[in-house]
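A.B. asks: Here it is, the structure, as structure tokens.
The values are calculated or read from the model by the stated rules, or taken from the named source; none is laboratory data. Predicted model, so just to flag it, every value in this text is computed and none were measured. Here the Cβ positions follow ideal geometry from the backbone for every residue, glycine too, while neighbour counts run over all protein chains shown. Surface areas here come from the heavy atoms of the whole protein model, side chains and all, with no ligands, DNA or RNA. Shrake-Rupley method; radii C 1.70, N 1.55, O 1.52, S 1.80 Å.
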Amino acid sequence: MFSNTLKKLRSKTHRTQKEIAKALGVAPTTYASWEQGKREPDQAATIRIADYFDVTLDYLYGRNETPQWAKQKDTIDLKSFLDKNLVGAFYDGDELTDEQRDKLKIALTQIFWDQRKKERSDTDDIDKGAK
């Protein structure tokens with residue numbers, strides 16, 4: 001789980017393993033072994049990773065998909081968004097299975113956080129322009 005999350009975060013930044021390793025202060029081979037799931041970083045390195053990617057430790061380990069920057073209102077909005085979009089979820093006239101519903105929930109959650117982050121970024125850009 002950790003290695004997949006780490007790969008996903010790096011790919012979103014469009015950076016190489018070598019670049020991330022340098023930013024984290026570790027050897028490129030060490031970082032590569034984390035992404036390959038061959039090794040796990042120690043506690044200090046895990047904290048640096050979370051800080052670098054601006055996520056929680058729970059997020060890194062798959063315990064919580066809520067970004068560190070999210071506020072309580074965001075999590076309430078997410079619940080409302082999921083409730084509205086998962087009710088009556090069908091495909092080709094058949095109700096989704098529990099497994100399909102879980103996959104849809106993951107996809108919708110990612111869409112929600114991506115959009116919320118974009119909205120925050122747009123708002124921050126507007127606020128900077130006003131100063």
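A.B. asks: For region 20-41, check the following and say yes or no: at least one residue is open to solvent by less than 60 Å² (accessible area, probe 1.4 Å), of a type in the set (D, E, K, R) and in a helix (DSSP H, G or I).
C.D. replies: Checked against the condition, which is being open to solvent by less than 60 Å² (accessible area, probe 1.4 Å), of a type in the set (D, E, K, R) and in a helix (DSSP H, G or I), region 20-41 yields at least one hit.
A.B. asks: Only one residue in T56, T109, T97 is at pLDDT below 85 and among the β-branched types (V, I, T). Which one?
C.D. replies: On the way: T109 fails: at pLDDT below 85; T97 fails: at pLDDT below 85.
Being at pLDDT below 85 and among the β-branched types (V, I, T) holds for just one of T56, T109, T97, which is T56.
A.B. asks: Within the group L86, L24, which residue is under 19 Å from the mean Cα position of the chain (by Cα) and of a type in the set (A, V, I, L, M, F, W, C)?
C.D. replies: Sole residue among the options that is under 19 Å from the mean Cα position of the chain (by Cα) and of a type in the set (A, V, I, L, M, F, W, C): L24.
A.B. asks: Return the pairs, sorted by first residue and then second, in which the second residue is open to solvent by less than 30 Å² (accessible area, probe 1.4 Å) and in a loop (DSSP other than H, G, I, E, B), the first residue lies in region 22-37 and is among the hydroxyl-bearing types (S, T, Y), the beta carbons are less than 9 Å apart, and the residues are 6+ apart or on different chains.
C.D. replies: Short answer, once both residue conditions are applied: T30/P41; Y31/P41.
A.B. asks: Another one. Scan (1) open to solvent by 20 Å² or more (accessible area, probe 1.4 Å); (2) hydrophobic (A, V, I, L, M, F, W, C); (3) outside any helix (DSSP H, G or I) for the single condition A44 breaks and write down its number.
C.D. replies: Checking A44 against (1) open to solvent by 20 Å² or more (accessible area, probe 1.4 Å); (2) hydrophobic (A, V, I, L, M, F, W, C); (3) outside any helix (DSSP H, G or I), the one that fails is (3).
A.B. asks: Is it the case that region 55-73 has a residue that's of a type in the set (K, R), surrounded by 11 or more Cβ atoms within 10 Å (Cβ to Cβ), on the phi < 0 side of the Ramachandran plot and assigned to a helix (DSSP H, G or I)?
C.D. replies: Scanning region 55-73, I find no residue that is of a type in the set (K, R), surrounded by 11 or more Cβ atoms within 10 Å (Cβ to Cβ), on the phi < 0 side of the Ramachandran plot and assigned to a helix (DSSP H, G or I), so the answer is no.
A.B. asks: Just the residues that are more than 17 Å from the chain's Cα centre (by Cα) and either aromatic (F, W, Y) or not in a helix (DSSP H, G or I) (or both), please, taken from region 1-19.
C.D. replies: Here is the first cut: in region 1-19, the residues more than 17 Å from the chain's Cα centre (by Cα) are 16-19.
Scanning region 1-19 gives a single hit, T16.
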